[in-house]
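S.K.: Please see the structure below; I have some questions.
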Amino acid sequence: MTGTAPVPFTADDYAARMERAARQAADAGLAGLLVAPGPDMVWLTGYTPPADTERLTLLVLAPGRPPELVVPALEAPDAGRATGAPALTLRDWTDGKDPYALTAALLDARGRFGVSDNAWALHLLALQRTLPDTSYVALTEALPMLRAVKDAAELERLAAAGAAAAGAAADAAFEEIRQVRFSGRPESEVAADLAGLLRRFGHSQVDFTIVASGPNGANPHHEAGDRRIERGDMVVLDFGGLKDGYGSDTSRTVHVGEPTDEERRVHDLVREAQEAGFRAVRPGAACQDVDRAARAVIADAGYGEYFIHRTGHGIGVTTHEPPYMIEGEEQPLVPGMCFSVEPGVYLPGRFGVRIEDIVTVTEDGGRRLNDTERELVTVA
Ligand code: ZN
Ligand code: ZN
Ligand code: ZN
């Protein structure tokens with residue numbers, strides 16, 4: 001049921017990413033990038049250090065130097081087996097030695113460095129103490145588009161995480177969940193069903209399974225709780241995670257039994273807004289154009305004040321990352337970018353509707369990576 005495994009990334013793929021990152025850092029006037037364990041490191045090297053170790057592991061990418069990985073000696077053998085390792089020079093350190101002095105020796109003592117958003121303050125502050133004339137900027141501020149444009153192999157993974165047609169994952173989970181009973185069950189139970197389905201369809205990690213019924217649907221941040229779903233409820237379903245290292249994230253809003261005319265009208269409105277956002281996707285359009293296109297449909301119908309979040313976010317080795325489809329974001333769309341288009345309407349105390357697909361920019365428009373029913377689906 002999990003589809004065929006994708007062709008693995010090669011050492012050359014990772015070497016090319018590290019080279020591209022170092023070049024972009026230089027173009028941005030940086031002396032280099034300091035990459036902490038997490039999504040940046042996975043994307044650049046294929047290496048995932050043990051979680052929650054306080055020992056310093058840091059990838060240093062500096063223009064004109066080979067990529068260097070500062071790594072605790074006891075982790076060095078594992079690091080050396082990472083797919084991207086052939087391009088790395090390992091700088092291992094043993095307990096009792098000063099890893100910051102070791103790192104400092106690799107850096108321009110007066111340089112400005114891009115640092116992974118999720119780097120620990122513990123390490124960054126120690127490095128600052130060791131090299132007081134250095135300065136730092138968050139990586140997504142300095143190079144927001146570093147991971148934004150996906151290559152063909154990445155797009156294949158994102159498609160497989162999303163669409164049933166490409167190998168059964170998030171969409172397949174929706175096709176199953178619409179068959180289960182909703183009425184009389186707590187939201188948390190349906191959420192557990194969804195998590196199980198995502199895993200069954202090949203996800204290694206479930207990041208969220210939102211089941212927001214009735215008035216809970218009017219809160220976009222509601223996850224899932226004890227509320228018992230009733231006949232007559234609108235239910236926002238929003239779920240995703242990682243499959244083969246790449247993210248899925250899709251929303252559909254279903255109704256328990258027959259909807260009222262108003263519920264149907266609001267759902268149609270969000271569907272039209274989602275379609276308008278999707279149609280705005282093409283190379284050269286700005287991110288904010290996607291937001292504007294979706295928002296205009298909702299505002300023109302008089303529901304503008306009830307669409308209370310941005311229209312979308314990028315997706316890749318994480319489920320939320322740049323680029324953001326939001327007013328003020330003038331970044332032009334580029335083929336290979338991948339992001340959500342997810343307008344919603346939230347009526348306080350009553351119900352909410354959200355419809356979300358992952359979309360990738362093609363040479364002449366956009367392609368959806370989710371393809372389940374967008375008309376209002378009724379459930380039991
Ligand atoms: Zn209803
Ligand atoms: Zn979502
Ligand atoms: Zn989303």
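S.K.: Please state which one of 295, 350, 282 is charged (D, E, K, R), more than 13 Å from ligand 3 (Cβ to nearest atom), modelled with pLDDT of 95 or more and closer than 21 Å to residue 159 by Cα. Before you say what the answer is, go through the steps one by one.
M.R.: Values: 295 fails: closer than 21 Å to residue 159 by Cα; 350 fails: closer than 21 Å to residue 159 by Cα.
Sole residue among the options that is charged (D, E, K, R), more than 13 Å from ligand 3 (Cβ to nearest atom), modelled with pLDDT of 95 or more and closer than 21 Å to residue 159 by Cα: 282.
S.K.: Among the residues of the stretch 252-292, which ones are assigned to a strand (DSSP E or B) and either buried (at least 24 other Cβ atoms within 10 Å of the Cβ) or within 16 Å of ligand 1 (Cβ to nearest atom) (or both)? Step through it out loud before you land on a result.
M.R.: Initially, the stretch 252-292 is screened for residues assigned to a strand (DSSP E or B), giving 252-256, 286.
Of everything in the stretch 252-292, those that are assigned to a strand (DSSP E or B) and either buried (at least 24 other Cβ atoms within 10 Å of the Cβ) or within 16 Å of ligand 1 (Cβ to nearest atom) (or both) turn out to be 252, 253, 254, 255, 256.
S.K.: From the list 344, 328, pick out the single residue that is modelled with pLDDT of 95 or more and at positive phi.
M.R.: Details: 344 fails: at positive phi.
328 is the lone residue from the list that is modelled with pLDDT of 95 or more and at positive phi.
S.K.: Could you look through the stretch 159-172, keep only residues that are of a type outside the set (Asp, Glu) and at pLDDT 90 or above, and pick out the one that is surrounded by the most Cβ atoms within 10 Å (Cβ to Cβ)?
M.R.: At the first step, the residues of the stretch 159-172 found to be of a type outside the set (Asp, Glu) are 159-170, 172.
Of the ones still in play, those that are also at pLDDT 90 or above are 170, 172.
On the way: 170: 29, 172: 23.
Here the answer is 170.
S.K.: Please give the number of the condition residue 151 fails out of (1) touching a helix residue (DSSP H, G or I) at 6+ places or on another chain (Cβ under 6 Å); (2) under 23 Å from residue 323 (Cβ atoms).
M.R.: Against the list (1) touching a helix residue (DSSP H, G or I) at 6+ places or on another chain (Cβ under 6 Å); (2) under 23 Å from residue 323 (Cβ atoms), residue 151 comes up short only on (1).
S.K.: Oh, and also: One residue is enough: does the stretch 222-237 have a residue meeting the conditions free of Cβ contacts under 8 Å to residues at least 24 places away in the same chain and assigned to a loop (DSSP other than H, G, I, E, B)? Full working, then the answer.
M.R.: First, the residues of the stretch 222-237 that are free of Cβ contacts under 8 Å to residues at least 24 places away in the same chain: 222.
Filter once more, so that each one left must be assigned to a loop (DSSP other than H, G, I, E, B): 222.
The answer is yes; a qualifying residue exists.
S.K.: Filter the stretch 21-41 down to the residues that are within 21 Å of the chain's Cα centre (by Cα) and either of a type in the set (D, E, K, R) or surrounded by fewer than 18 Cβ atoms within 10 Å (Cβ to Cβ) (or both) and list them by number.
M.R.: Passing the criteria: 38, 40.
S.K.: Residue by residue through the stretch 203-228, note down the ones that are under 20 Å from the mean Cα position of the chain (by Cα) and crowded, with 22+ Cβ neighbours inside 10 Å. Explain how you work it out, then say what you get.
M.R.: Just the residues of the stretch 203-228 that are under 20 Å from the mean Cα position of the chain (by Cα), to begin with: 203-211, 220-223.
Result: 203, 209, 210, 211.
S.K.: Is there any pair linking a residue in the stretch 124-146 that is more than 24 Å from residue 39 (Cβ to Cβ) to one that is aromatic (Phe, Trp, Tyr) and surrounded by 18 or more Cβ atoms within 10 Å (Cβ to Cβ), with Cβ under 7 Å and at least six apart or on different chains, and which?
M.R.: 130/100
S.K.: Name every residue in the stretch 197-221 that is away from ligand 2 (no atom under 13 Å from the Cβ), in a helix (DSSP H, G or I) and under 17 Å from residue 356 (Cα atoms), in order of residue number. It would help to see each step written out before you state the result.
M.R.: At the first step, the residues of the stretch 197-221 found to be away from ligand 2 (no atom under 13 Å from the Cβ) are 197, 199-205, 213-219.
Cutting the leftovers down to in a helix (DSSP H, G or I) gives us 197, 199-200, 214-218.
Residues satisfying the conditions are 217, 218.
The values are calculated or read from the model by the stated rules, or taken from the named source; none is laboratory data. Every value quoted in this text rests on a predicted model; they were computed, and no experiment measured them. So basically every Cβ, Gly included, is an ideal-geometry build from the backbone, and we count neighbours across all protein chains shown.
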